[in-house]
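Trainee: Before I ask anything, let me first share the structure, which is written out below as structure tokens.
Each value in this text was obtained by applying a stated rule to the coordinates, not by laboratory testing. None of these values were measured; they are calculated from a predicted model. Every residue, glycine among them, receives a Cβ derived from its backbone with ideal geometry; neighbour counts consider all protein chains shown.
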Amino acid sequence: MLVTDEESRGKVLTALADEYSRKILSATIQKAMPVSDLSASYRIPISSTYRRVRDLLELGLLAVEKSVISDEGKRFELYRSTAKRVDIRFNLGDVEIEIIPNDDMVAQFTRLWTLMKGM
């Protein structure tokens, strides 16, 4: 998927330039994680983790894989990177950004969508 509009390209570049956002995206490519685990595992302050997750969700680089209810009755989300890879090219003065989808997420959403349509 190519990022074509200038505003979105700027936001993606800003997110990728941020150390915490990169850690969150890298950590969630293979498996979904809750904010608390991301914060603890990667030593990101919890408020910063929530803020980066929100920003990455808005950009579409992160998605909620599922919601879980703990034994104590607390609900939380598990987040997963929608991007497996991001290619950035500087081509004749123009920045080109291509997001390579995380195939695991695509397959999972396709299965979920198929199940929901059958209900």
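Trainee: In nm, to one decimal, how far is the modelled label at Arg43 from the one at Arg89, with both set 7 Å along Cα→Cβ?
Mentor: 3.8
Trainee: Next up: Given the DSSP H assignment, sum -39500 (n - 2.57) over each helix run of at least 4 residues in the chain and divide by its residue total; what's the result at 222 nm in deg cm²/dmol, nearest 500?
Mentor: Dividing the helical sum by the residues of the chain leaves -15000 deg cm²/dmol.
Trainee: Can you check what the net charge comes to around Met1, using other residues whose Cβ is under 15 Å from the Cβ of Met1 (Lys, Arg +1; Asp, Glu -1)? Please report the intermediate quantities before stating the final value.
Mentor: Values: positive: Arg9, Lys11, Lys84, Arg85, Arg89; negative: Asp5, Asp87, Glu96, Glu98, Asp103.
Net of charged neighbours comes to 0.
Trainee: How far, in nm, would the chain grow between Val64 and Ile100 when pulled straight, counting 0.36 nm per residue and subtracting the alpha carbon separation?
Mentor: Details: separation 36, 0.36 × 36 = 12.96 nm, distance 1.81 nm.
The span from Val64 to Ile100 would gain 11.1 nm if fully extended.
Trainee: Hey, what do the phi angles of the stretch 75-80 turn into as Karplus ³J(HN,Hα) couplings, whole Hz, using 6.51/-1.76/1.60 and θ = phi - 60°, x for Gly and Pro?
Mentor: My calculation for the stretch 75-80 gives 8, 8, 9, 10, 9, 9 Hz in order.
Trainee: Same structure, new question: Residue by residue, what Karplus-based ³J(HN,Hα) values in Hz, rounded to whole numbers, does the stretch 88-98 have, using 6.51, -1.76 and 1.60 with θ = phi - 60° and x for Gly and Pro?
Mentor: 10, 10, 9, 10, 6, x, 10, 8, 10, 10, 10
Trainee: Counting only residues 5 or more places away or on other chains, whose amide H sits under 5 Å from the amide H of Tyr79 once H atoms are built in the peptide plane?
Mentor: Amide H to amide H, under 5 Å and 5 or more residues apart or across chains, Tyr79 pairs with Met33, Glu65.
Trainee: Specify which labelled value, from (1) 15.4; (2) 13.9; (3) 14.2, agrees with Kirkwood radius over Cα pairs in Å derived from the coordinates of the model shown.
Mentor: (1)
Trainee: Within the stretch 34-49, find all residues whose amide N lies under 18 Å from a label point positioned 7 Å from the Cα of Glu19 along Cα-to-beta-carbon.
Mentor: 38-49
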